[in-house]
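Read the structure below first, then the notes.
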Amino acid sequence: MDFALTEEQTAIFDMACAFGEEHIAPFAAQWEEDGTIPRDLWPKLAELGFGGLYVSEENGGSGLSRLDATMVFEALSRSCASVAAFLSIHNMCAAMVEKYGSDDLKARLLPDMVTMEKVCSYCLTEPGSGSDAAALRTKAERTNEGYRLNGAKAFISGGGYSDLYLSMVRTGADGPKGISAIVIEDGTPGLGFGAPERKMGWKSQPTAQVQFDDCDVPAGNLLGEEGRGFSYAMAGLDGGRLNISACSLGAAQAALEATLTYMRERSAFGQTIDRFQALQFRLADMEIELQAARTFLRQAAWKLDNGAPDATKFCAMAKKFVTEAGSRVADQCLQLHGGYGYLADYGIEKIVRDLRVHQILEGTNEIMRVIVARGLLAETA
Ligand SMILES: Cc1cc2nc3c(=O)[nH]c(=O)nc-3n(C[C@H](O)[C@H](O)[C@H](O)COP(=O)(O)OP(=O)(O)OC[C@H]3O[C@@H](n4cnc5c(N)ncnc54)[C@H](O)[C@@H]3O)c2cc1C
């Protein structure tokens, strides 16, 4: 068993860290206020190969493993979890287009996705179905040229901002087997958006409803086979769960480092607050939590890369464990900053707000337990 990172993995981590420190961290607070991320950031990230992290090199991507990708998200989240998480969603979509798209669709969409001239949103959730995603109702009826879409997707990261919307829609009967995956291009008549949602964190990412009103989409935009869309959507989520965990980990690690610096400087009762043993114990507990989270996350990524039969269970376990550890650590860091932790200038309250949603999306942490329990019961039956 070898826990060491390869030289290449360390280089990827360092490169992403350096990029974040120069191009993201100094502007993250302003982007929160603006409620949007400048579009020209994405092609710069793509120059590092981050637009098609696990798209094959043959199709212009970086061909990295899931474990490698967690390095990128952990590193970028040190600067801003909201920006890193949006990159994860785009990469999940790019991988789905490569894996399931026809040669024609790939030729049409992938080059611009990999360079991030075009960014893509993932549209599964609807106003009436979240955890129970297979109950989705957005209808796609066959026409002579393709499909006519009617319905709405809720909470879509990048709604009204992205160029492409990879959507799960109903082409058949009720249940998962009646669902297909299709890409809708911005500007398609009948594609509309709700007002930007006002939310607790991830404020720099626009979130909005994506609406389809007699929206005609060519048949060639379908991914893979009709009726398989739900399984494609779920397959993408294992990796998405690793990435979102890595986002929690990186941001919480940055909060811990900022807290160590702060505690060495802040005095109370005649000494710097890092001298109080009660607080040292909290630091120790945070270090233990984050190291355990990192090890667990990397093990789950390794399982996914190696096609382990229990990879889905491990991705779900890691997602629950790491996102909760990340939020606990961020909250403790805020506490150790005292009142200053509550002020925007110190950057900690933003991390607390940004990380909270990681327990809700890519499958809630209750649904992660459902997956773990199902796996456990099946293994021991
Ligand atoms: C900021 C933000 C960005 C998002 N971005 C996207 C996106 O880009 N694309 C996308 O498709 N979706 C996105 N989502 C939606 C997100 O994935 C859903 O909110 C999430 O899946 C939960 O669905 P829901 O909100 O409908 O809650 P519900 O499914 O209604 O759940 C409500 C509560 O019941 C619990 N629950 C439900 N079923 C069970 C069960 N069987 N057992 C135990 N507990 C259960 C849940 O865990 C939760 O606590 C985003 C959400 C947010 C907040």
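The values are calculated or read from the model by the stated rules, or taken from the named source; none is laboratory data. A quick note: this is a predicted structure, and the numbers were derived from the prediction, not measured. Counting neighbours? That spans all protein chains shown, and the Cβs are built from the backbone with ideal geometry, glycine included. Heavy atoms of the whole protein, side chains included, go into the accessibility calculation; ligands, DNA and RNA do not. Shrake-Rupley method; radii C 1.70, N 1.55, O 1.52, S 1.80 Å.
For the range 259-375, with all protein chains in place and a probe radius of 1.4 Å, 56% of the accessible heavy-atom surface sits on carbon or sulfur.
Highest GNM mean-square fluctuation among T261, T115, T171, for the chain modelled with Cα contacts below 10 Å: T261. Normalised by 2.2 N^0.38 Å, with N the number of residues, the alpha-carbon radius of gyration of the range 173-241 equals 1.34. Taking Lys and Arg as +1 and Asp and Glu as -1, the other residues whose beta-carbon sits under 15 Å from that of V217 total -4. Entry note, the chain: relative contact order of 16 percent, from Cα contacts under 8 Å with a spacing of 6+ residues. Solvent-accessible surface of the range 154-209, taken per residue with a 1.4 Å probe and all protein chains present: 40 Å².
Within straight-line reach of K106, meaning a Cα separation under 19 Å, sit the following lysines at least 8 residues removed in sequence or on another chain: K118. What the Cβ-Cβ distance of T188 and R137 gives, at R0 = 35 Å and to the nearest 0.05, is a FRET efficiency of 0.95. Multiplying the residue separation of K44 and E57 by 0.36 nm and removing their Cα-Cα distance gives an extension gain of 2.8 nm. Within the P(r) computed for the range 1-69, what percentage of the Cα pairs occupies the region above 15 Å? Of the Cα pairs, 62 percent sit more than 15 Å apart. Centre-to-centre, using Cα atoms only, the range 215-233 and the range 70-114 are separated by 18 Å.
Surface composition of the range 1-96: carbon and sulfur atoms hold 50% of the protein heavy-atom accessible area at a 1.4 Å probe. Judged by a Cβ-Cβ distance under 4.7 Å, the unpaired cysteines of the chain are C17, C80, C123, C215, C247, C315, C333.
As a fraction of the 1.4 Å probe accessible area of the range 106-192, surface on carbon and sulfur atoms comes out at 48 percent. Spread over its residues, the convex hull of the C-alpha atoms of the chain is 143 Å³ per residue.
Taking F193, F230, F269 as the candidate residues, the one with maximal mean-square fluctuation in a Gaussian network model of the chain, Cα springs under 10 Å, is F269.
With R₀ set to 41 Å, the beta-carbon distance separating E225 from Q291 gives a calculated FRET efficiency near 0.40.
Which log10 I(q)/I(0) values, to two decimals, does the range 197-236 give at q = 0.28, 0.29, 0.30, 0.32 Å⁻¹ under the Debye formula with one point per Cα? Taking Cα atoms of the range 197-236 as identical point scatterers yields -0.94, -0.96, -0.98, -1.03.
Computed extension gain for D213 through L5, at 0.36 nm per residue and net of the alpha carbon distance, reaches 70.0 nm. Note on the chain: GNM, Cα springs under 10 Å; of E33, E324, E197, the largest mean-square fluctuation is that of E33.
For the range 47-123, the solvent-accessible area with a 1.4 angstrom probe is 30 square angstrom per residue. For the range 211-275, the solvent-accessible area works out to 39 Å² per residue, with a probe of 1.4 Å and every protein chain left in place. Could you sort out which of K99/K153; K139/K177; K99/K139 sit more than 19 Å apart by Cα distance in this structure? Pairs exceeding the cut-off: K99/K153; K99/K139. Put simply, the Cα atoms of the range 241-344 extend 57, 27, 16 Å along their principal axes, the longest span coming first.
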